[in-house]
1. Per residue Cα convex hull volume for chain A, in cubic angstrom?
2. Hey, how much of the P(r) for the stretch A:110-160 falls beyond 18 Å, as a percent of Cα pairs?
3. Taking every pair of alpha-carbon atoms in chain B, what share in percent sits in each 10 Å bin, from 0 to the bin with the longest distance?
4. May I have the convex hull volume per residue, in Å³, for the Cα set of the stretch A:190-264?
5. Which aspartates and glutamates have a Cα lying under 19 Å from the Cα of A:LYS277, excluding residues fewer than 8 positions away in the same chain?
6. On average, how many beta carbons from a partner chain sit within 10 Å of the beta carbon of a residue in A:133-140?
7. Can you give the helix-only mean residue ellipticity at 222 nm for the protein assembly as shown, where every DSSP H stretch with n ≥ 4 adds -39500 (n - 2.57) and the sum goes over all residues, rounded to the nearest 500 deg cm²/dmol?
8. May I ask for the percentage of alpha-carbon pairs in the stretch A:125-269 that lie more than 24 Å from each other?
Amino acid sequence: MANVKFVNVNKIYDNNVQAVFDFNLDVKDKEFIVLVGPSGCGKSTTLRMLAGLEEITSGEIIIDGTVVNDVHPKNRDIAMVFQNYALYPHMTVFDNMAFALKMKNLPKEEIVKRVNEAANILALEEYLRRKPKALSGGQRQRVALGRAIVRTPKVFLMDEPLSNLDAKLRVQMRSEIIKIHRKVNATTIYVTHDQTEAMTMADRIVIMKDGYIQQIGTPKEVYNNPSNMFVGGFIGSPAMNFLNCRFKNGELYVTGENDDIKVKLDESHATLLNKYKEEKLNQLKEILLRIDQQLNEYENSENKISEEEVESLKKKHEKAQKANKKKQVVMNPKLALARHIEKLKSYKERYVKEIEDFERGEFDIAIGIRPEDISVKKTNPDNKDALSVDLSELLGHELIIYSYINGQRLVIKTPAKEEFESGESFEFGFNTDKLHLFDIDTTNKIAF
Amino acid sequence: MCFKNNNRTNSSQSDKDLKPISLRIGADLSMKKVSEFLPKFEFDTFSVREEYNEIYARKGVIEYTISFIEDYGKTHISVLAYSERHPFKIKKGLKELLPFMRENLKDYLV
């Protein structure tokens, strides 16, 4: 078995689209890692780079201490299971499973032994003589798994192997794959877009978005302590609620028409926000300093032009643009610089205002709260702190309440002991221990 | 002429007997009920694969795979009959087994 290491791996396709950015991951021996994220986040590309099916643009992939960047896929000692099974339709189940072993020129007795062992694990003994078309979807996927198992590879790669199965079978196969992993004890890297699959199967989850790793952690860690708003929203169903809030006079208020909806904070949050304020002030001042430096450089440069000159250049540019409707007219460098300066000045204005706000102790943040961390209690409509039920969904033992707080969507998950009809009023309370605070600009969790 | 060596229950089958069986009980209970009465059909081989919600059985030249798929509290039973050498017997085999199953599961049919 093996450990796998990705070091600063990047992938840029021929059309200049970068699918994976600076991917770093250390997979321990026998670990079950799940790469999860929405379509186009680079998870399959990462897996295919490890398999050798995609070339790496830069970085290193190391299997058991050996850099495999230039090693042929067949020599990497890894097995891959695909979503569409990729079985040979003209071969029997036995031949499908034995194919790779025959290619390796293994003795016939050894091939029969290994295939029978895998068939036994996967309850496929009776189907060995059949061709894939005489099997159900679940059985075909078991054959695909068996084909990987017989090779006893260093690393198992699985690319959405359960996506073609129906919901119930998917749940069954999920637990079977975990059992097989424990039995075979191979390092496994599994790709899925299904967060439930990731949460239930993984030792550690790697959450990806737009080619970047967002967070790496155990299912519990990523659920309880999301590193940013994307992770908070992606993991968990229904998704985490995010509310824009303003911190002023030492209190946190939900942003909206009504400016007196307070969010109760505990002492640790208050300390955190004070630290955040200091940190953010330093950052903003640093940015402002850089803007000032750039503006000063321009003021003292030879390229400085008068406002009249800028206006005349603007008019010329607009005229040229009108004359060449379809073509992009190259801008006069002087005008481009003037526009850049205009932008810098507007940024400066924004940052000065933000710094003033922060110095006064007033700033915007986002809070995240999971639907199950909100308590509800029926109340009469006259209660000024009450919210109204927009919609409720009964899911057997749980009730999902959809509501709005100050114009912002709030989803609540509560035990279905009590019914809440549309239009009914209720009081709510956030579990302060489970409140997450996020920077509204970077969307990162506020933590020190 | 090459005959298809398998036939399975399918909701688009024109023959009523060959449509899947749907029960209003969960998959685990359905499988328990089926495994209680099915041996009466006198199979040569009969094995229950609980982990895959699947029963494998063989009678004469026909092999049957019975799969239980749960869907919102209902269970759909899908039966696949297979015979490598006697493909012309599989439809007959299915048409014998399915009514027998329906009769024994009549209290739970949807």
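The values are calculated or read from the model by the stated rules, or taken from the named source; none is laboratory data. Quick caveat: nothing in here was measured; it's all calculated off a predicted structure. Note that we place each Cβ from the backbone using ideal geometry, even for glycine, and neighbour counts take in every protein chain shown. SASA here: full protein model, heavy atoms, side chains in, ligands and nucleic acids out. Shrake-Rupley method; radii C 1.70, N 1.55, O 1.52, S 1.80 Å.
1. 236
2. 28
3. Percent of Cα pairs in each bin: 15, 50, 30, 5, 0.
4. In the stretch A:190-264, the Cα convex hull volume per residue is 127 Å³.
5. Within the straight-line limit of under 19 Å, A:LYS277 reaches these aspartates and glutamates: A:GLU251, A:ASP266, A:GLU267, A:GLU286, A:GLU354, A:GLU356, A:ASP357, A:GLU359, A:GLU362, A:ASP364, A:ASP439, A:ASP441.
6. Neighbouring Cβ atoms belonging to other protein chains average 5 per residue here.
7. Helix contribution divided over all residues of the protein assembly as shown: -11000 deg cm²/dmol.
8. Summing the P(r) tail past 24 Å for the stretch A:125-269 gives 50 percent.
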